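First up is the structure itself, then whatever we jot down about it.
The values are calculated or read from the model by the stated rules, or taken from the named source; none is laboratory data. Computed from a predicted model, the values in this text were never measured in an experiment. Every residue, glycine among them, receives a Cβ derived from its backbone with ideal geometry; neighbour counts consider all protein chains shown.
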């Protein structure tokens, strides 16, 4: 029996043209059950077109789209019943209450939902006590959370969120981040998260794909992709000149990027960090902190500018 997790989404050689405009040229990626999957790319890369094709809102020019192991075009109703999504910003009847909006959405979706379940969903997204308040009085962050509540009405297995933190303040971003983690960890949901806030993807995603100019550039686990890259590491130490001599005379092949009176910024691979730290300590240099500067944003920019 295979230990490979179940594929929830399989996209192979997806192409979508609008007349002469080539929105998507060759997008490929897999999403496994239990992933928080980061879907990354600059504006115009083809992310929204790909998501719309996954939801059968547009028909691809060519390529293969499978969800839950089934061909999307042949099993549309079966597949969409198992998906919850927010594409762009969620929309509401602004002069109705939060609970009334959820009830109407449930009826439109053909779902029989009790008042207690509506309240349970609203509580889960952090809006308890605001059930009967009109949505036009809600902040942008509250509307985003209510949008996520809408996606949960029919208890989907896969949740697709397209830029859910756009326009939010720092606290709103943290709230949505925690909500996504709860969806995975407490409710066993698989989440595909399209976002341009790369630091957020780095904090919560298990796997990711980066697309650019309509094509897949790279996909894999976040930890593997970042660990494979050379790091830029800041060493805070007490003897800069001596530390520089050690770096230059060592056989570790480390490059000095910059220095201050207390810090060395070095290009170094991950496995060499403890070796250099030991060299410093063995030579009487106090190491006060080691901070890796290589972030997902750096990796992303490096890939799309290649």
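Within segment 238-261, being in a loop (DSSP other than H, G, I, E, B) and loosely packed, with under 10 Cβ neighbours inside 10 Å holds for 251, 253, 261.
Would you say residue 133 is in the same structural domain as residue 26 (by TED's automatic domain parsing), over 30 Å from residue 303 (Cα atoms), touching a strand residue (DSSP E or B) at 6+ places or on another chain (Cβ under 7 Å) and surrounded by fewer than 17 Cβ atoms within 10 Å (Cβ to Cβ)? Don't jump to the end; show me each part of the working.
Values: in the same structural domain as residue 26 (by TED's automatic domain parsing): yes; over 30 Å from residue 303 (Cα atoms): yes; touching a strand residue (DSSP E or B) at 6+ places or on another chain (Cβ under 7 Å): yes; surrounded by fewer than 17 Cβ atoms within 10 Å (Cβ to Cβ): yes.
Judged against the criteria, residue 133 is a match.
Each residue in segment 24-48 was checked for being more than 18 Å from residue 205 (Cα to Cα) and buried (at least 22 other Cβ atoms within 10 Å of the Cβ), and 4 pass.
Assess whether residue 209 counts as being under 20 Å from residue 33 (Cα atoms) and at pLDDT 90 or above. Please lay out each step first, then the result.
Working: under 20 Å from residue 33 (Cα atoms): yes; at pLDDT 90 or above: yes.
For residue 209, the condition - under 20 Å from residue 33 (Cα atoms) and at pLDDT 90 or above - is met.
Is it fair to say residue 156 is touching a residue at least 24 places away in the same chain (Cβ under 8 Å) and surrounded by fewer than 19 Cβ atoms within 10 Å (Cβ to Cβ)? In short, yes. Can residue 221 be described as under 30 Å from residue 94 (Cβ atoms) and modelled with pLDDT of 85 or more? Considered against the rule, which asks whether it is under 30 Å from residue 94 (Cβ atoms) and modelled with pLDDT of 85 or more, residue 221 comes out as no. Among the residues of segment 31-47, those identified as farther than 15 Å from residue 159 by Cα and in contact with a strand residue (DSSP E or B) (Cβ under 7 Å, 6 or more places away or on another chain) are 40, 41, 42, 45, 46, 47.
Set side by side, the residues 66, 89 differ, and just one is within 26 Å of the chain's Cα centre (by Cα), surrounded by 13 or more Cβ atoms within 10 Å (Cβ to Cβ) and assigned to a strand (DSSP E or B), which is 66. Please specify each residue of segment 155-166 satisfying the condition of being over 12 Å from the mean Cα position of the chain (by Cα) and within 11 Å of residue 197 (Cα to Cα). Passing the criteria: only 166.
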